[in-house]
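**Student:** Before I ask anything, here is the structure I am working with.
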Amino acid sequence: MPETRTPVPAPACCPAPEKTRTPGAPVVALVGNPNVGKSTLFNALTGARQHVGNWPGKTVQVARGSWRESGHPPIDLVDLPGTYSLVPRSPDEELTRELLVDPGAEGRPDLVVVTVDAANLARNLYLLAEVLETGVRCVIALTMTDVARSRGIRVDEAALTRELGVAVIPVVPRRRRGLGLLAEVVREELTGHRPARTFQLSVPPDDDPELAAAEARYAWVHEVLAEVRTQRAGTGRTVSDRVDRVLTSRWLGIPAFLAAMWCVFTATTTLAKPLQDGLGAFVDGPVSDTATHALSGAPDWVRGLVVDGLVGGVGQLLTFVPLMVIMFVLLALLEDSGYMARAAFVVDRLMRRLGLPGRAFLPIIVGFGCNVPALAGLRILGNRRQRLLVGMIIPYVSCSARLTVYVLFAAVFFGSTAGTVVFAMYLLSVLLVVGIGMLLRKTLFRELRGEALVLELPPYRLPTLRVVGAQTWQKLAGFLRTAAGVIVATVTAVWLLSAIPMGAAAGTSFGEAPIENSVFGAMSRAAAPAFAPAGFDDWHAAAALGTGFVAKEAVVATVAQTYSADEPAGSDSSAHAGELGTRLHETFERSSGGHPLPAVLAFLVFLLAYTPCMATIATQWQEMGGRMTLLSTGIQLAVAWLLAVAVFQIGSLWW
């Protein structure tokens with residue numbers, strides 16, 4: 001059984017979404033194997049009327065949404081975690097079993113829609129047999145029928161309905177085909193217009209009842225397949241199979257994956273640059289001028305907070321929106337085409353050779369978007385020690401918030417090779433995950449043994465505009481939602497601290513002291529010497545890393561804020577982006593003793609390896625406990641400092 005934890009509030013970067021459940025509405029659960037189109041069906045049925053959150057009384061996250069149709073009352077739809085069997089191996093799978101097997105379970109669904117992959121019917125029927133044995137009302141949503149036809153497989157839906165005694169509805173969620181008929185059958189089942197059915201296999205007496213029941217289910221699966229499925233001869237090897245011989249091969253799989261990622265980051269930085277420049281000029285020009293004019297009669301400290309603080313800091317971050325959109329679109333294309341599952345398979349093979357648990361790669365993949373949901377995804381691992389190990393290495397996964405900092409510094413210092421530098425940071429992230437994981441296994445987790453990743457490879461598909469657009473918007477909205485709260489709060493706090501005079505400016509008024517002679521400047525100068533061996537012993541860099549401990553999105557805003565605060569009066573705001581680059585060059589040239597490039601790389605390496613954000617710490621505390629969280633944070637800071645020093649000291653020998 002999973003350990004009991006006291007629920008904690010959602011982290012600041014991931015506010016609790018609006019609840020979409022309709023009181024009194026019937027509950028319908030989607031159940032199925034992973035990668036059978038279950039979540040695609042859920043998205044098609046609920047649209048934007050959905051949210052993700054912990055199941056009441058559990059630390060397991062599920063997606064819930066409102067399934068509405070014109071003229072009918074809404075249905076509360078629940079997308080339960082994918083599972084291959086009702087014999088649980090993780091907290092996620094245990095929740096699915098509890099809701100289906102225990103008649104008295106709180107929140108037990110009124111009906112289950114079992115999603116069955118027509119192209120892999122044999123594997124799906126085993127779980128279906130287990131669900132039918134629970135006695136819960138069922139409807140079968142038969143997905144991947146187009147894939148089955150392309151493989152020469154024909155499934156007789158009428159015969160399958162007769163064999164199961166349950167309605168079978170073919171659906172193609174991506175094309176929204178069959179959804180109306182599915183809704184009609186589900187409502188008939190919920191209203192009791194269809195008679196309840198019983199399903200019970202004949203299990204002979206045996207010393208091992210569970211083994212005997214499993215053998216009976218497998219025998220039943222073969223009987224059903226013989227009646228309902230036919231396949232044309234000579235259709236065994238598909239185009240997907242031939243492509244997979246290259247993309248998942250032992251020798252070409254990893255180079256192909258690295259090449260794909262290099263193309264993504266190079267294309268992202270190249271295509272986004274003119275859009276970023278245009279948006280930056282707009283923010284630093286018309287927007288800043290308008291704000292200055294509108295506040296012409298306001299006190300100086302108000303103008304400073306709005307123009308230098310909010311407009312300068314938040315505006316600089318917003319210039320990265322085009323970059324985020326392009327990257328999210330490219331990654332969504334790879335995911336919707338089916339390639340990302342192959343990438344998981346390829347990298348998993350390497351991770352298992354290094355002794356890491358295979359299933360751990362799934363939350364690690366999520367971590368490249370955000371470390372917080374990645375840590376929540378640890379619940380797919382059945383072993384608590386495995387969850388602790390992977391929870392300690394997920395913070396080294398480079399999240400999308402770090403990308404904005406990589407691009408800013410790479411564009412300023414490395415020009416046309418910025419994409420390659422960004423790609424190198426992501427490659428280093430993977431190496432850190434593997435290396436730190438190996439180190440932890442050799443020390444704190446010596447008793448762990450690696451396990452294989454069970455992963456169904458979906459067929460290659462032509463990405464659809466609707467799916468790519470929805471995925472892009474979902475990720476961008478999450479990024480902007482994070483920025484809106486965390487960045488505004490951080491920028492305001494930084495400005496207030498920078499407005500309080502200290503030291504040489506102790507006699508000046510509030511808001512009139514140079515930022516280096518403020519409380520914020522004094523705090524940053526006190527921390528800066530710790531980074532001298534890494535080549536960036538400068539208060540600007542220390543200030544950025546300090547706010548980055550709160551949220552990495554704040555680093556770019558803090559950099560813009562600290563430099564613009566002491567910009568000479570009357571400077572051309574349209575040239576602010578160029579001014580920022582010049583000031584960054586001057587800072588790292590001075591702090592590194594004439595070796596700015598290795599110092600910048602050391603800064604980026606430190607930013608990659610140290611604590612991602614406070615929300616990550618809060619989630620680690622919830623999932624791992626306080627002692628392991630503090631230990632993990634200490635290791636991150638030590639690794640970040642040692643790597644940064646090594647990068648600068650070695651790099652300065654050549655640059």
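The values are calculated or read from the model by the stated rules, or taken from the named source; none is laboratory data. Worth saying up front: this structure is predicted, and the values here are computed from it rather than measured. We place every Cβ from the backbone using ideal geometry, glycine too, and count neighbours over all the protein chains shown. Remember, those area values only see protein heavy atoms, side chains included, never the ligands or the DNA or RNA. Shrake-Rupley method; radii C 1.70, N 1.55, O 1.52, S 1.80 Å.
**Student:** Along its three principal axes, how long is the range 384-447 when you only count alpha carbons? Whole Å, largest extent first please.
**Tutor:** Principal axes ranked by extent give 47, 18, 11 Å for the Cα atoms.
**Student:** So what's the net charge close to His585: Lys and Arg +1, Asp and Glu -1, counting the other residues with Cβ under 13 Å from its Cβ?
**Tutor:** Numbers: positive: Arg583, Arg590; negative: Asp538, Glu579, Glu586, Glu589.
Neighbour charge sum, excluding His585 itself: -2.
**Student:** Still on this structure, I have one more. Going down the list Lys38/Lys273; Lys475/Lys552; Lys38/Lys475, which pairs span over 28 Å between their C-alpha atoms?
**Tutor:** Numbers: Lys38/Lys273 38 Å; Lys475/Lys552 16 Å; Lys38/Lys475 20 Å.
With Cα atoms farther than 28 Å apart: Lys38/Lys273.
**Student:** If you don't mind, there's one more thing I want to ask. Carbon and sulfur together cover what percent of the accessible area of the range 368-448 at a 1.4 Å probe radius?
**Tutor:** Solvent-exposed carbon and sulfur of the range 368-448 make up 68 percent of the total.
**Student:** Expressed in nm to one decimal, what extension gain is obtained for the pair Thr161 and Arg242 from 0.36 nm per residue of sequence separation less their Cα-Cα distance? Before the final figure, lay out each step's value.
**Tutor:** On the way: separation 81, 0.36 × 81 = 29.16 nm, distance 3.40 nm.
The span from Thr161 to Arg242 would gain 25.8 nm if fully extended.
**Student:** Taking only protein heavy atoms into account and a 1.4 Å probe, give the accessible area per residue of the range 213-283 in Å². Working shown, then result.
**Tutor:** Values: 4360 Å² over 71 residues.
In whole numbers, the range 213-283 has 61 Å² accessible per residue.
**Student:** Which whole-Hz ³J(HN,Hα) couplings does the range 265-276 yield from phi under the Karplus relation 6.51 cos²θ - 1.76 cosθ + 1.60, θ = phi - 60°, glycine and proline marked x?
**Tutor:** The phi angles translate into 6, 5, 4, 4, 5, 6, 6, 7, 4, x, 5, 5 Hz.
**Student:** Next up: Quick check: residue separation of Trp654 and Arg175 times 0.36 nm, minus the Cα distance between them. What number comes out in nm?
**Tutor:** On the way: separation 479, 0.36 × 479 = 172.44 nm, distance 5.64 nm.
Stretched fully, the Trp654-Arg175 segment lengthens by 166.8 nm.
**Student:** Give me the net charge for the shell around Gln231: Cβ to Cβ below 10 angstrom, other residues only, Lys and Arg +1, Asp and Glu -1. Intermediate values should be presented prior to the final figure.
**Tutor:** Details: positive: Arg151, Arg154, Arg229, Arg232; negative: none.
Result for the neighbourhood of Gln231: +4.
**Student:** May I ask you to list the residues of the range 102-138 whose amide nitrogen lies under 20 Å from a point 7 Å from Cα along the Cα→beta-carbon direction of Glu69?
**Tutor:** The answer is 109-116, 137-138, whose backbone nitrogens lie closer than 20 Å to the label point.
**Student:** Set the Förster radius R0 to 56 Å, insert the Cβ-Cβ distance between Val203 and Arg466 as r into 1/(1 + (r/R0)^6), and round the FRET efficiency to 0.05.
**Tutor:** On the way: r = 45 Å, r/R0 = 0.81.
That pair, Val203 with Arg466, gives E of 0.80.
**Student:** Rounded to whole Å and ordered largest first, report the semi-axes of the equivalent ellipsoid of the range 599-655 derived from its Cα gyration tensor (root of 5λ). The partial results should precede the final answer.
**Tutor:** On the way: eigenvalues 167, 21, 4 Å².
Its equivalent ellipsoid spans semi-axes of 29, 10, 5 Å.
**Student:** Quick one: order Cys263, Cys138 from most to least accessible surface, probe 1.4 Å.
**Tutor:** On the way: Cys263 75, Cys138 10 Å².
Result of the area sort, largest leading: Cys263, Cys138.
**Student:** Once ligands and nucleic acids are excluded and a 1.4 Å probe is used, how much of Tyr339 is accessible, expressed in Å² to the nearest 10?
**Tutor:** 20
**Student:** Here is a further query. Each label point is 7 Å from the Cα along the Cα-to-Cβ direction; what then is the distance between the points at Phe445 and Trp473, in nm?
**Tutor:** 3.8
**Student:** Considering only the other residues whose Cβ falls under 14 Å of the Cβ of Ala599, what net charge follows from Lys and Arg at +1 and Asp and Glu at -1?
**Tutor:** Around Ala599, the charge tally is -3.
**Student:** To continue, here is another question. Collect residues whose amide H, placed 1.01 Å from N in the peptide plane, falls under 5 Å from the amide H of Thr134; neighbours closer than 5 in sequence don't count.
**Tutor:** Amide H to amide H, under 5 Å and 5 or more residues apart or across chains, Thr134 pairs with nothing.
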